[in-house]
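J.: To start, I am sharing the structure in question, which I have written as structure tokens.
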Amino acid sequence: MNAADVSPTRDATSLLDRQIPLGSWLLTAAPWLGLLLVMLGTRLYGLRTYPLDPHEASLAANAVAVVSGGDLSATDWAQPLPTLLAALSFFLFGPGDGAARLPSILASLALVPALALLAPVLGRKRALAAAALLTLSPTVALAGTRLDGAIVLVLLASLAAAALVREPSVSGAVLLGALLAALPLSDPLGWIVALTMLVLALVRFRGNGRILALLGTSALVTLALVSTVLFTRPSGLATFLGASWSALWHDHLAALGHRWTFPAIVLATDEVPNLIAAVTGAVVLVRERHVRWPIGLGLLVLLLVMLFGNGTRAALVLVAVATGVLGAYGLSAVMAHIRWSALLDRWNAAVLGMLALVVFIGLSLLGRLLDGPNDSLLAWSTGLVSLLLLFAVAFWVLRTLWPRASAAWTTPVVLVSLALFALAVRNTMLVNATTSYRPGTILHAGDASPGLVEVVERIRRASTDLTMFQFDPRDPTGGHGLVIVADRAVAQPFAWYLRDFPNLTIVESGGLASAVPAAQVVIAAPNDQAAVAALRPDLVWQPVPYRLAAPASLARPDWPRLAVGLVDPRAWREYVSFLLYRRVSMPTQPESVLVGLAPDVAALAGYPAVP
């Protein structure tokens with residue numbers, strides 16, 4: 001045999017011969033994939049309950065202008081990154097509420113792999129714990145279904161943190177610079193976050209001028225590319241800087257300490273499982289004495305948000321994420337303490353079930369005592385005696401079972417963990433199901449009222465009946481011929497939902513007098529109604545729920561009552577009731593606008609045709 005006929009020996013380590021351990025890879029990725037599925041389900045549930053709020057609608061209108069080549073609103077160009085993401089979604093799927101919020105949903109899902117990138121710093125179990133806490137965080141869930149840049153800001157901050165802890169490299173510096181520049185592009189509060197992380201980067205890469213130069217160059221190029229939409233709008237950079245710095249000053253720096261209670265109230269009402277995990281994590285870190293930076297991070301974020309956050313959703317999400325990272329240490333420590341295999345033992349399972357029954361009966365008994373006899377002393381006494389007997393029997397059974405259980409002292413920890421898990425799941429699933437009749441949360445302050453959509457649909461139906469055969473190059477299908485005038489202060493989200501009406505005009509408050517004589521529909525603030533009615537006495541005015549406001553009891557807490565409530569069992573019961581049912585003692589009515597309709601439009605819209 002010739003040497004040429006002998007096939008060369010294949011390298012055993014070549015790519016084709018390498019074995020890929022799919023089983024171990026899937027086992028490693030399974031928890032992360034499970035969290036992604038849970039996060040997707042919680043974000044999609046109730047997604048369409050709330051219409052776009054005025055701020056979301058303004059960003060969506062700018063996104064449509066980007067796609068169609070129209071003029072941008074200078075004041076709304078303070079957040080070009082979420083606007084461009086919405087524009088990309090509109091380009092792919094067409095404009096609509098779902099397409100507008102799709103980038104936020106995807107950014108929320110991307111938080112899971114972003115936390116996976118932090119596993120070398122946190123540890124895999126702690127990174128998983130942080131992802132689980134943020135998956136079941138109502139604040140993060142709500143931000144993940146809103147087009148306001150809050151969830152994009154948090155995602156970019158997480159990715160920037162992952163890039164910051166990497167070893168210095170050219171690609172890492174370029175990536176970190178782009179991420180730092182993207183922070184203010186997503187929200188004006190991002191300037192403060194970017195400045196804080198820039199200081200950390202200067203400390204991290206001190207003495208490495210090449211890395212710092214690449215970081216700065218990458219940041220400047222990213223700012224220019226995004227704000228000018230790849231240089232297609234040359235004035236975009238100047239417009240962005242002016243609008244963003246103006247919003248930063250008026251909404252954050254000039255409002256120093258305004259709504260400083262909002263983060264604390266959100267932690268104590270919507271983020272209770274997250275808060276308890278964070279407190280546990282702080283205790284664990286103090287006892288271990290080897291790493292305490294998560295405590296410093298949480299306190300720093302809380303301080304900055306209280307000073308400059310002004311209670312915005314972006315500020316609240318930053319607090320929730322920082323609390324979740326700290327809570328990961330507590331959750332992972334608790335999970336490691338629990339002997340899960342021991343719970344399969346019948347005696348341990350029996351103790352867990354009986355302990356839950358004792359706690360439930362005990363809480364019912366306490367509530368019965370706090371209620372007092374009210375009207376019927378006999379019924380109250382009978383119920384009290386019955387609960388006492390049940391409690392005594394259940395407690396006796398628990399004492400009998402306790403010595404036989406090998407992990408009896410683990411069951412209280414398991415019971416508390418399951419209760420907090422159930423509360424977190426319930427709050428996250430219902431965060432988008434809360435309506436104007438059950439406000440009960442700061443998170444929905446500023447959201448559009450669900451009743452607004454009904455009024456818009458009535459206007460559209462009336463327009464179809466009146467102008468179905470009035471074709472126009474701007475309205476080739478007909479049915480959108482109503483002349484609508486909206487005050488700029490309250491134009492959104494009406495202008496978004498009526499964007500296919502070519503005769504829609506948005507005017508300043510001072511210009512209503514010249515625009516309303518020919519209008520068939522007028523959308524005005526309540527303080528402008530008298531002036532418009534003097535010019536058009538024939539209009540039929542309809543109050544419309546416009547925007548939800550923060551409950552007064554939460555926006556302005558009664559501090560003396562709260563201090564007394566710390567030692568008052570009745571206040572504890574009210575607090576637990578609020579956590580479960582989200583009902584406040586004095587619900588805040590949503591802000592309203594007035595819609596004036598011509599008599600023929602009002603009749604077709606289903607409103608009484610009387611001025």
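The values are calculated or read from the model by the stated rules, or taken from the named source; none is laboratory data. The model shown is predicted, which means the values in this text are computed figures rather than measured ones. Note that each Cβ is placed from the backbone with ideal geometry, even for glycine, and that neighbours are counted across all protein chains shown.
J.: Of all residues in the range 327-361 being of a type in the set (Ser, Thr, Tyr) and modelled with pLDDT of 80 or more, which is surrounded by the most Cβ atoms within 10 Å (Cβ to Cβ)?
T.: Filtering the range 327-361 for residues that are of a type in the set (Ser, Thr, Tyr) and modelled with pLDDT of 80 or more, the one surrounded by the most Cβ atoms within 10 Å (Cβ to Cβ) comes out as TYR329.
J.: Keeping to the range 495-520, report how many residues are touching a residue at least 40 places away in the same chain (Cβ under 8 Å) and either more than 18 Å from LEU597 (Cα to Cα) or within 29 Å of the chain's Cα centre (by Cα) (or both).
T.: Within the range 495-520, residues that are touching a residue at least 40 places away in the same chain (Cβ under 8 Å) and either more than 18 Å from LEU597 (Cα to Cα) or within 29 Å of the chain's Cα centre (by Cα) (or both) number 5.
J.: Sticking with this one: For THR217, are the conditions met, namely being loosely packed, with under 15 Cβ neighbours inside 10 Å, out of contact with any helix residue (DSSP H, G or I) (no Cβ under 8 Å at 6 or more places or on another chain) and among the β-branched types (Val, Ile, Thr)? Steps first, answer last, please.
T.: Details: loosely packed, with under 15 Cβ neighbours inside 10 Å: yes; out of contact with any helix residue (DSSP H, G or I) (no Cβ under 8 Å at 6 or more places or on another chain): no; among the β-branched types (Val, Ile, Thr): yes.
Against the criterion (loosely packed, with under 15 Cβ neighbours inside 10 Å, out of contact with any helix residue (DSSP H, G or I) (no Cβ under 8 Å at 6 or more places or on another chain) and among the β-branched types (Val, Ile, Thr)), THR217 does not qualify.
J.: Also, I was wondering about something else. Only one of (1) under 23 Å from the mean Cα position of the chain (by Cα); (2) more than 26 Å from HIS444 (Cα to Cα) fails for ALA61. Which number is that?
T.: Of the numbered conditions (1) under 23 Å from the mean Cα position of the chain (by Cα); (2) more than 26 Å from HIS444 (Cα to Cα), the odd one out for ALA61 is (2).
J.: Out of HIS258, HIS250, report the one residue that is part of a helix (DSSP H, G or I) and assigned by TED's automatic domain parsing to the domain that holds ALA320.
T.: None of the other options fit; the residue is HIS250.
J.: Does at least one position in the range 287-300 carry a residue that is touching a residue at least 60 places away in the same chain (Cβ under 8 Å), closer than 27 Å to LEU147 by Cβ and assigned by TED's automatic domain parsing to the domain that holds LEU84?
T.: Checked against the condition, which is being touching a residue at least 60 places away in the same chain (Cβ under 8 Å), closer than 27 Å to LEU147 by Cβ and assigned by TED's automatic domain parsing to the domain that holds LEU84, the range 287-300 yields no hits at all.
J.: Quick one: how many residues across the range 564-611 are among the aliphatic types (A, V, I, L, M), modelled with pLDDT of 80 or more and not in a loop (DSSP other than H, G, I, E, B)?
T.: 9
J.: A further question on this structure: Taking the conditions exactly as written (of a type in the set (A, V, I, L, M), closer than 24 Å to LEU102 by Cβ and out of contact with any Ser or Thr (no Cβ under 7 Å at 6 or more places or on another chain)), does ALA157 satisfy them or not? Steps first, answer last, please.
T.: Details: of a type in the set (A, V, I, L, M): yes; closer than 24 Å to LEU102 by Cβ: yes; out of contact with any Ser or Thr (no Cβ under 7 Å at 6 or more places or on another chain): yes.
Yes.
Each row is one residue, and each column tells you yes or no for (1) buried (at least 21 other Cβ atoms within 10 Å of the Cβ); (2) closer than 30 Å to VAL67 by Cβ; (3) assigned by TED's automatic domain parsing to the domain that holds LEU52; (4) not acidic (Asp, Glu).
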site	(1), (2), (3), (4)
PRO113	no, yes, yes, yes
ARG124	no, no, yes, yes
ALA130	yes, no, yes, yes
THR135	yes, no, yes, yes
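J.: Related question: Within the range 521-534, track down each residue that is surrounded by fewer than 20 Cβ atoms within 10 Å (Cβ to Cβ), out of contact with any Asp or Glu (no Cβ under 8 Å at 6 or more places or on another chain) and either within 11 Å of VAL595 (Cα to Cα) or touching a residue at least 24 places away in the same chain (Cβ under 8 Å) (or both).
T.: PRO526, GLN529, ALA533
J.: If you check LEU117 against the conditions, is it crowded, with 24+ Cβ neighbours inside 10 Å and not hydroxyl-bearing (Ser, Thr, Tyr)?
T.: Criteria not met by LEU117.
J.: A further question on this structure: Which one of ALA314, ALA328, ALA282 is under 19 Å from GLY190 (Cβ atoms), in contact (Cβ under 8 Å) with a residue 40 or more places away in the chain, touching a Pro at 6+ places or on another chain (Cβ under 9 Å) and assigned to a helix (DSSP H, G or I)? Explain how you work it out, then say what you get.
T.: Working: ALA328 fails: under 19 Å from GLY190 (Cβ atoms); ALA282 fails: under 19 Å from GLY190 (Cβ atoms).
Every option except ALA314 fails the conditions.
J.: Which condition from (1) at pLDDT 90 or above; (2) in contact with a Pro (Cβ under 6 Å, 6 or more places away or on another chain) is the one that ASN274 breaks?
T.: (2)
J.: Quick check on my filter: what residues within the range 448-459 are among the β-branched types (Val, Ile, Thr) and touching a strand residue (DSSP E or B) at 6+ places or on another chain (Cβ under 8 Å)?
T.: VAL455, ILE459
J.: Which residues, taken from the range 91-106, are under 17 Å from ARG146 (Cβ atoms), free of Cβ contacts under 8 Å to residues at least 24 places away in the same chain and of a type in the set (A, V, I, L, M, F, W, C)?
T.: ALA99, LEU102, LEU106
J.: Given the options LEU230, LEU202, LEU225, LEU179, name the one that is without any contact (Cβ under 8 Å) to a residue 24 or more places away in the chain, surrounded by fewer than 19 Cβ atoms within 10 Å (Cβ to Cβ) and within 15 Å of ALA160 (Cβ to Cβ).
T.: Step by step, each of LEU230, LEU202, LEU225, LEU179 is checked, and only LEU202 is without any contact (Cβ under 8 Å) to a residue 24 or more places away in the chain, surrounded by fewer than 19 Cβ atoms within 10 Å (Cβ to Cβ) and within 15 Å of ALA160 (Cβ to Cβ).
J.: Quick test for you: out of GLY324, GLY236, pick the one residue that is touching a Leu at 6+ places or on another chain (Cβ under 8 Å), modelled with pLDDT of 85 or more and more than 25 Å from GLY446 (Cα to Cα).
T.: That would be GLY236, the only listed residue that is touching a Leu at 6+ places or on another chain (Cβ under 8 Å), modelled with pLDDT of 85 or more and more than 25 Å from GLY446 (Cα to Cα).
J.: Looking at the range 445-453, can you tell me whether even one residue there is within 32 Å of the chain's Cα centre (by Cα), surrounded by 20 or more Cβ atoms within 10 Å (Cβ to Cβ) and assigned to a helix (DSSP H, G or I)? Quick ask: steps written out before the conclusion?
T.: Step one: filter the range 445-453 for residues within 32 Å of the chain's Cα centre (by Cα), giving 445-453.
Still in the running and surrounded by 20 or more Cβ atoms within 10 Å (Cβ to Cβ): 445-449, 452.
Now narrow it down to the ones that are assigned to a helix (DSSP H, G or I): 452.
Yes, the range 445-453 contains at least one residue that is within 32 Å of the chain's Cα centre (by Cα), surrounded by 20 or more Cβ atoms within 10 Å (Cβ to Cβ) and assigned to a helix (DSSP H, G or I).
J.: Could you tell me which numbered condition GLY478 fails, if it satisfies all but one of (1) of a type in the set (Gly, Ala, Ser); (2) surrounded by fewer than 21 Cβ atoms within 10 Å (Cβ to Cβ); (3) within 30 Å of SER577 (Cβ to Cβ); (4) touching a helix residue (DSSP H, G or I) at 6+ places or on another chain (Cβ under 9 Å)?
T.: Every condition holds for GLY478 apart from (3).
J.: Within the range 362-376, identify whether any single residue is at pLDDT 85 or above and touching a Pro at 6+ places or on another chain (Cβ under 8 Å), and answer yes or no.
T.: No, every residue in the range 362-376 fails to be at pLDDT 85 or above and touching a Pro at 6+ places or on another chain (Cβ under 8 Å).
J.: Are there any pairs, at least 6 apart or on different chains, whose C-beta atoms fall under 8 Å, with the first in the range 535-553 and more than 17 Å from VAL593 (Cα to Cα) and the second part of a loop (DSSP other than H, G, I, E, B) and polar (S, T, N, Q), and if so, which?
T.: Partner pairs satisfying both residue conditions: ALA550/THR588; PRO551/THR441; PRO551/THR588; ALA552/THR588; SER553/SER585.
J.: Could you tell me whether PRO168 is without any contact (Cβ under 8 Å) to a residue 60 or more places away in the chain, outside any helix (DSSP H, G or I) and farther than 23 Å from LEU44 by Cβ?
T.: yes
J.: Another one. Could you check, for the range 436-445, whether at least one of its residues is modelled with pLDDT of 75 or more, in contact with a Leu (Cβ under 7 Å, 6 or more places away or on another chain), under 30 Å from PHE494 (Cα atoms) and small (Gly, Ala, Ser)?
T.: Checked the range 436-445: at least one residue is modelled with pLDDT of 75 or more, in contact with a Leu (Cβ under 7 Å, 6 or more places away or on another chain), under 30 Å from PHE494 (Cα atoms) and small (Gly, Ala, Ser).
J.: Follow-up. Quick check: is even one residue across the range 295-310 in contact with a His (Cβ under 8 Å, 6 or more places away or on another chain) and in a loop (DSSP other than H, G, I, E, B)?
T.: yes
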